[in-house]
Amino acid sequence: MSVKAIAERAMEQGQGVLRLTPTWVPRVFCVPGRRIKLHPHDYYALGGERGGIDERWFSSTTPADNGPLTSKNEGLSHIVFEDGGKTELFLLRDAIEELKDAIIGKLWAKYQAWPMYSKFFDNQGALPFHIHHDDDHAARVGARGKPEAYYFPPQLNNHGGDFPYTFFGLAPGVTKEEVLDALRAFTKGENRITDLSAAYVLTPGTGWNVPPGVLHAPGSLCTYEPQKASDVFAMYESVVHDQVLSEDLLWKDSPEEEIGNHEYLLEVIDWEQNTDPLFRQKHFMKPVPVDDPAEMRAAGYQENWICYLSKEFSAKELTVLPGATVTIKDGGAYGLYVVQGHGTLGIWDIESPALIRYGQLTYDEYFVSEAAAREGVTITNPSKSDPIVMLKHFGPDAHTNMPVPLD
Ligand SMILES: [Zn+2]
């Protein structure tokens with residue numbers, strides 16, 4: 001059967017909702033925080049030289065750029081199609097390429113692709129202080145700029161790891177000369193660039209928005225991270241938690257002719273945003289109810305915007321209360337991950353497993369087509385005590401009634 005034929009049948013079978021496999025991604029430089037439900041024996045299932053598994057990617061049509069050992073289709077979400085006892089797996093990316101607007105609606109005309117993905121990153125320590133280029137700087141290496149956002153699910157944060165604080169931006173008053181000195185010191189040992197920054201406490205159940213051009217060193221909470229589909233970055237810190245970073249990561253995604261030019265690295269920094277004294281006020285995200293909380297509760301659910309400050313993507317947390325059946329409508333296609341509870345969603349069983357073996361298929365991740373999202377999906381929670389909680393990630397087309405207007 002062709003991919004198109006299988007994709008059509010999967011859409012039919014799921015009534016516009018596609019079931020996805022868990023997409024695990026290892027990182028050589030990171031120590032897993034062990035909070036993403038993988039079996040304790042499986043965090044190194046890809047072999048020691050690939051590093052530990054510290055990420056799970058959601059609704060991804062973006063391959064992981066993970067060095068020379070990257071396996072085929074790493075980082076790409078697969079659809080599960082079961083028919084007469086046979087299980088077939090195929091790429092969400094291929095299904096969208098074949099069925100186009102039948103899956104992602106009006107986003108197809110604009111992007112010819114699903115333009116975002118989300119992931120968990122789950123590290124025992126903090127990540128290096130780094131930056132993502134904006135559209136203009138990314139265009140110089142044939143890429144797109146990358147905004148991202150964070151939300152810290154309480155269900156996955158029973159411990160905060162070694163450093164539950166994130167450095168954002170530069171302290172007001174820091175000079176460009178000081179930053180240049182730190183960048184020039186990259187190859188001379190510890191460049192201590194975070195001396196010029198400020199760290200903020202990370203609180204489970206809240207999040208942050210990170211536009212391109214803003215320096216950040218994500219802390220060690222298990223983080224749900226919706227983002228634009230792009231992988232541009234450059235590491236501006238040379239040693240973090242006694243891990244030494246190689247100089248090519250400093251120049252990653254600099255055009256050939258700028259390599260060695262530290263002024264270029266400075267230019268990638270959005271100076272105004274990085275030194276803004278109101279940084280926290282402008283980028284910290286407390287969940288905001290999508291509707292009147294009392295009315296939602298009476299109808300059996302609670303839904304919050306959790307990431308709502310980027311034009312490129314957004315995310316919601318939906319809670320369906322014990323014993324309730326609700327029909328939830330949304331403005332655009334989305335991916336979802338079930339982080340707590342069990343029940344049904346449309347024709348599907350949904351459940352949040354306590355433990356997952358590497359390679360095991362689950363019923364905790366789905367992709368909802370635009371038509372199904374607009375029509376509304378019906379979710380039933382049969383539990384007497386446990387809510388169903390799901391995280392939902394959207395592209396740039398589902399932004400209605402945003403808590404803060406996006407210009
Ligand atoms: Zn980042």
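The values are calculated or read from the model by the stated rules, or taken from the named source; none is laboratory data. What you see is a predicted model, and the numbers here were worked out from it, not measured in a lab. Note that each Cβ is placed from the backbone with ideal geometry, even for glycine, and that neighbours are counted across all protein chains shown. To get the accessible areas, we keep the full protein, side chains included, count just its heavy atoms, and leave off ligands, DNA and RNA. Shrake-Rupley method; radii C 1.70, N 1.55, O 1.52, S 1.80 Å.
What the table below lists for this structure:
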item	result
Relative contact order (%) - the stretch 321-407, alpha-carbon pairs under 8 angstrom, separation at least six	48
Cα centre as origin, Lys/Arg/Asp/Glu Cβ charges: the stretch 18-137 dipole, Debye	360
Under 14 Å from the Cα of residue 228 - aspartates and glutamates, other chains or at least 8 residues apart	134, 135, 148, 312, 397
Full-extension gain in nm, residue 72 to residue 28, via 0.36 nm per residue minus C-alpha separation	14.1 nm
Dipole of the chain [Lys/Arg +1, Asp/Glu -1 at C-beta], most positive-end residue of 347, 215, 368	347
Calculated FRET value between residue 292 and residue 3, using beta carbons and R₀ = 60 Å, to 0.05	0.85
Estimated dipole of the stretch 252-407 in Debye, rounded to 20 [Cβ of Lys and Arg +1, of Asp and Glu -1, Cα centre]	940
The chain - accessible surface per residue (Å², probe 1.4 Å)	41
Hz values of 3J(HN,Hα) by residue in the stretch 295-307 - Karplus curve (6.51, -1.76, 1.60), Gly and Pro given as x	5, 4, 4, 4, 8, x, 8, 9, 10, 10, 6, 10, 10
Heavy-atom SASA rank of 130, 342 (probe 1.4 Å, accessible area, largest first)	342, 130
Violating pairs (Cα-Cα greater than 23 angstrom) within the set 37/106; 146/252; 176/252	37/106
Euclidean distance of C-alpha centroids, the stretch 269-303 and the stretch 321-396, integer Å	22
Theoretical gain in end-to-end length, residue 385 to residue 327 [0.36 nm per residue, Cα-Cα removed]	18.9 nm
Other-chain or far-sequence residues with amide H under 5 Å of residue 206's (modelled H)	152
Distance from the stretch 150-204 to the stretch 73-96 (C-alpha centre basis), Å	38
Portion, in percent, of the accessible area of the stretch 61-213 that falls on carbon or sulfur, probe 1.4 Å	50
Apportionment of accessible area to carbon and sulfur, the stretch 247-399, percent (1.4 Å)	47
Cross-link partners of residue 282 among lysines (Cα-Cα below 17 Å; sequence separation of 8 or more within a chain)	311
For the stretch 195-200, 3J(HN,Hα) per residue [Karplus equation, 6.51 cos²θ - 1.76 cosθ + 1.60, θ = phi - 60°, Hz, x = Gly/Pro]	4, 8, 10, 9, 9, 10
Nearest-20 debye value, the chain charge dipole, Cβ charges on Lys, Arg, Asp, Glu	1020
Relative contact order of the chain, pairs being alpha-carbon contacts under 8 Å that are 6 or more residues apart, as %	19
Cα→Cβ-extended label distance, 7 Å offset, between residue 181 and residue 357, nm	5.7
Selection from 147, 112, 290 lying farthest towards where the dipole of the chain points positive, charges on Cβ	290
